[in-house]
1. Does the range B:683-752 come out rounded, prolate or oblate by the C-alpha gyration tensor, with a ≥ b ≥ c the root eigenvalues, rounded set by a/c under 1.5 and, if not, prolate when a/b is larger than b/c and oblate if not?
2. Could you tell me the relative contact order of chain B? Use alpha-carbon pairs under 8 Å, at least six residues apart, and round to a whole percent.
3. Is there a simple number for the mean count of other chain Cβ atoms within 10 Å of the Cβ of residues in B:191-202, and what is it?
4. Just to verify a number: FRET efficiency for residue A:134 and residue A:158, C-beta to C-beta distance, R0 = 45 Å, to 0.05?
5. Just grab the label-to-label distance for residue B:816 and residue B:514, each label 7 Å out from Cα along the Cβ direction, in nm (one decimal).
6. Starting from the Cα of residue B:232, move 7 Å in the Cα-to-Cβ direction to define the label point; list residues of the range B:328-357 whose amide nitrogen is under 17 Å from there.
7. Taking the Cβ of each residue in B:727, B:905, B:508 as the centre, tally the other Cβ atoms inside 10 Å and list the residues starting with the fewest.
8. Taking 8 Å as the Cα distance limit and 6 or more residues as the minimum spacing, I'd like the relative contact order of the range B:604-704 as a percentage.
């Protein structure tokens, strides 16, 4: 199902005119933005809505919005090399370098600046979707065990239940000696538990 | 051994907690976001259908928005480009919002419920002209049609798809079209205007196909001012250029007849220059003079009659047709602390459909605009609601004599921001409160514990989320231990000050500055900047902090200045003065007088320096520092940077002991044919630098060149100062300078060939980072320059340190000519930038991160380590330990490090960072049309427990441990007893 959804694009038209010499004093850049629907809709408070997608020419010179079929249009553009950026919450778009040539109007010259990939037609797709939040790890018993508290409890359990076992396995003579020593010493100190701190 | 390893493991795991980025359920804990639309220019109501009632508004910030008429919330909003000014809006077909923008060149339709653009069509024409949009229910062959006059061409555009059905050019050179009129129910359109300013032209056009039916013109002796007022579908009223003669022109049945009435005939006293203020109520128009507003009715053939003359500030709405053939309009007048809203039918001046008096906050100023809408009450009578725009740009809906909602849209145009501390909590008050809250506190933590252990029910989860978001702790009106709670004082373009609480973003107080608009001498006051005037600490703790607002009486830089002092706790303006000199520059000095008032030096247009506050004590403390005051000025247009120092007291004619003459110390003149200044940047005055030395990999030390007088200047080739795409890489270059502003010495100069602006730069410690466009690669780049002091480099010798033969204790001074070296590197960056800032912490120990405002109106945090000039391709082991990242050609964009997460700060203008008292944390405030505030810890919150630290789990563990101790103790005693009996 997922691959099919991925193929379902916002619009079904597959050809896109790119540059044509328009009326007036400039040229027209015509392209479209395609957001595959399978991408990015999970885990978002605001899934990328096409009504909020902006297409920006030359860092803010002209701002335009998408039509329902994903097409956009810049008019009265002088010849030269331009930069088109697409901003959409939840998606990462590469800026696109578009060459508008005065000599042969209608020629398509567009390339993604991020990976220098040429585009045969001006169809802009997100390179990847952007996840703005960390995913919370689901609760697991290991995370409790690994947490400082869990380690403390674990250590206590080891001391309470395993130490007497160790004591039991000791040689009775050695045990008696140790007990005597303890009696002489009083309360056992922490130092005697540490390696090298013990007398024996 | 076990304990050792246990301690190690403990620290290892406790340091693994990722706090840098946000979990989705943490949204709103530390941050808040507010959305605004700006000052409303035009509003259209949509209340016909049974669905949700909306109002569509266009604003001066080029925004189209639809608001909920019940609560004033934004349904959707679109920000058009900076040059795409909205000329007109309307609703067509009951489902589309039509906008005409860019001087009538672009016509767009937006879907009313969700804001999706439906169609866009561009309208070009032979010449530039005033754009006019007309949407009557004009139907041509079952197609609803919009009539648009723009760029000298009349277009009929289909509402369905934006297709131009027909067009008609008006190419006559001098023709200025003033009105396009479509008499209701007729199949033709009148286009009226003036040719050569003295000839009245009328064109009658067939609405079906654009065919010209009739063209008439009449010449007049006088000249026209331009504005005409339409008083009926076939009569217009115009004023001549002297403002003293009213012309009533009717073109009934295509015949032009006119009548001239001197304004003085209508008014006894000489009114002075009059302007027509209201253009569209049938039969009535208004003229406004200096002293009064006069309403005039047109009776019959060009006869005029004054119906009312008022001296009050009056605002009139457009006409609203309430029933068949009946129109109404609203008048709003000020009277003391309330406003009077009157709705009158157009045909009968003396009767009122509605008369209400509404109490209005004085801090909102005068009413600037009013829009009315009607509804049918249950008793079938007409009810009216009015949307009013106030002087402070706020938007209010009035209905049934009360304010239904209000929006503080002045906050969409903040021009300067500063912060103020909150009052200290009084001791001895809070004890009982804490005891009362202890149970609540514990309950909260038990709930949280349930949440972490996945035992919570959905209601519990909702309760937890609510508790976290609505924590009363963060919105208290007192100072907190961590310095998170502050007041953000924002100055808006309307001349209003707002104090926002950093905890939840609410407005604590607001104050419309009185001094600029009360005085007669100051006609066009504008506010410029905000400075901290009094920051209490030590012995002046009892004083309230205050801020200084600097303004001037007009747009030109030599207009006289105005100062206001406002209390930061109460918002009261306790002092305001009109200056006798202009204000070109304000320099806050690092000195205070005994009442902790900070000294400020105001530089006027003639380069005289004026000291404030004007107290003898201030001048005493200033005298001793007299020779240490330097400043600089940057003249962008001529490419000159100049440095100044103080010379003497102002001599000759003025006996003002607070005025000083200046002398020019140095100047840098950039060649105007090859370089044009586009950006300058300096260090923040309050930035703290913790360490001057930087330890590098091979146990070597480099000394940062830290000077507060460093100025970064970026220049481009004059040809390349335009937009991207206008120049070839060969003819554009970017030159950057680092200049010492005391001596005028250029410390570093670097040229980037084939690059151009716009440049965004930030300077901090000993480095500057700037963003520009590389035309050769056709990508944006960010470069870093780090500057090091070489003259201290030989202090590395241990023997010198032992003998005392070192210069480490000598202060960094601009007087000494330090030998500096610079290191720089460039990296590609994907996006365009709107703003750039750097995190600021109280002691400067925490590592720095850059806060980058991208073109998508998001704020990205980027570790400064990525912009390190010393990133090698293959770092050695030692360099890896130092934390150097291997070289890459571009800077990474990690989505989780967007501090605005999934929000946008529309129209982002600036990012402001403020240090909290907690060293790890910076407070970040980003503003544009929207406001966004958050806490940000560049190196995680290493000095405090995180918000989601579970105290309850800690308590339970301790209790369990104590219980275990007792149990084992009892068990061991019992065992011992048994052993003894054995």
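1. Details: a/c = 2.84, a/b = 1.98, b/c = 1.43.
In terms of gyration-tensor shape, prolate.
2. Values: 2196 pairs, mean separation 58.8, N = 982.
With pairs under 8 Å counted, the relative contact order is 6 percent.
3. Shielding by partners across B:191-202 averages 0.
4. Values: r = 33 Å, r/R0 = 0.74.
Between residue A:134 and residue A:158 the formula returns 0.85.
5. 5.4
6. Inside the label zone: B:328, B:346-349.
7. Numbers: B:727 20, B:905 26, B:508 17.
By the 10 Å Cβ count, ascending: B:508, B:727, B:905.
8. Details: 120 pairs, mean separation 22.6, N = 101.
Taking the mean separation of contacting Cα pairs over the length of the range B:604-704, I get 22 percent.
Coordinate-derived values only; no laboratory data. Only a predicted model underlies this, so the values are computations on that prediction, with no experimental measurement involved. Positions of Cβ are backbone-derived with ideal geometry, glycine not excepted, and every protein chain shown enters the neighbour counts.
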